[in-house]
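What follows is a set of notes on a single structure, which appears directly below.
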Amino acid sequence: MPSVLGEKIRARRTEMGLSLDDLAEATGSSKGYLWEIENRESPNPSADKLIKIAAALGLTVDFLLETNLAPPDEQILCQRRLKSDPLAPVIAD
């Protein structure tokens, strides 16, 4: 079973229409290395590779490492609600 990290990377990569080869080229990684990150239960990418993957996918490293599977735009909406009223309950739209 893939990790949350792997699921997030695959979801964003496919959303952007990128193949593993495309992402590998953009990050200076091998296709096999990225496949392992996407499909292994406990991937352990280096910080440098994680930064490059996040940048290529237009995401933050924090989002990739967060165990929440909510898309980034949902997380941003929740964060905005919390900033405007930290005591308000967070309800998904």
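Quick one: which residue in Ala47, Ala11, Ala26 is more than 17 Å from Leu65 (Cα to Cα), out of contact with any Leu (no Cβ under 6 Å at 6 or more places or on another chain) and not polar (S, T, N, Q)? Don't jump to the end; show me each part of the working.
Values: Ala47 fails: more than 17 Å from Leu65 (Cα to Cα); Ala11 fails: more than 17 Å from Leu65 (Cα to Cα).
Exactly one residue qualifies, and that residue is Ala26.
Scan region 1-44 for residues that are small (Gly, Ala, Ser), under 13 Å from Leu57 (Cβ atoms) and part of a helix (DSSP H, G or I) and the total you get is 4. Counting only residues that are buried (at least 18 other Cβ atoms within 10 Å of the Cβ) and modelled with pLDDT of 95 or more, region 34-49 holds 3 of them.
The values are calculated or read from the model by the stated rules, or taken from the named source; none is laboratory data. Fair warning: this is a prediction, and the values are worked out from it, not measured in the lab. As a convention, Cβ positions derive from the backbone with ideal geometry for all residues, glycine included, and neighbour counts pool all protein chains shown.
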